[in-house]
Amino acid sequence: MKNWSITSNFAKEPFKAPELKGNFLQGHVYGHSVYPDGAGVKTSRIIGVVDCGDYKVVKTKNSEYRVYPKDVDLGAEAAFPNYYERLKEMVSCPE
């Protein structure tokens with residue numbers, strides 16, 4: 001995924017129970033089985049993040065996405081320096 005960042009549904013659903021709220025990955029996918037290269041997507045809720053050294057794997061219910069530090073959305077990086085390194089702490093994954 002390129003130009004990726006994390007988004008949430010907190011503001012859209014203020015009365016939803018905290019355990020039902022989630023974080024989502026958004027960006028442009030390449031090599032996806034369903035979407036054409038460069039398609040903008042917002043995933044289903046993130047359920048896990050695995051550090052694989054040079055990249056991280058963001059897991060959702062049905063898919064896994066590789067994210068690399070060079071592909072972070074520039075706006076996200078400007079607002080939150082070291083965005084890639086902070087990925088695991090930004091995402092609250094269910095136990």
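In region 45-56, the residues that are among the hydroxyl-bearing types (Ser, Thr, Tyr) reach residues that are modelled with pLDDT of 90 or more and not in a strand (DSSP E or B) with C-beta atoms within less than 7 angstrom, at least six apart or across chains, in these pairs: 55/68. Residue 27 fulfils the conditions (1) surrounded by fewer than 16 Cβ atoms within 10 Å (Cβ to Cβ); (2) at pLDDT 95 or above except for a single criterion, (1).
Search region 30-43 for residues being among the hydroxyl-bearing types (Ser, Thr, Tyr) and at pLDDT 90 or above, and hand back the single one that is surrounded by the most Cβ atoms within 10 Å (Cβ to Cβ). Steps first, please.
Filtering region 30-43 down to residues among the hydroxyl-bearing types (Ser, Thr, Tyr) leaves 30, 33, 35, 43.
Subset that is at pLDDT 90 or above: 30, 35, 43.
Values: 30: 14, 35: 13, 43: 24.
Per the criteria, the residue is 43.
The values are calculated or read from the model by the stated rules, or taken from the named source; none is laboratory data. All values derive from a computational prediction rather than experimental measurement. All Cβ positions, even for glycine, are placed from backbone atoms using ideal geometry, and neighbour counts span all protein chains on display.
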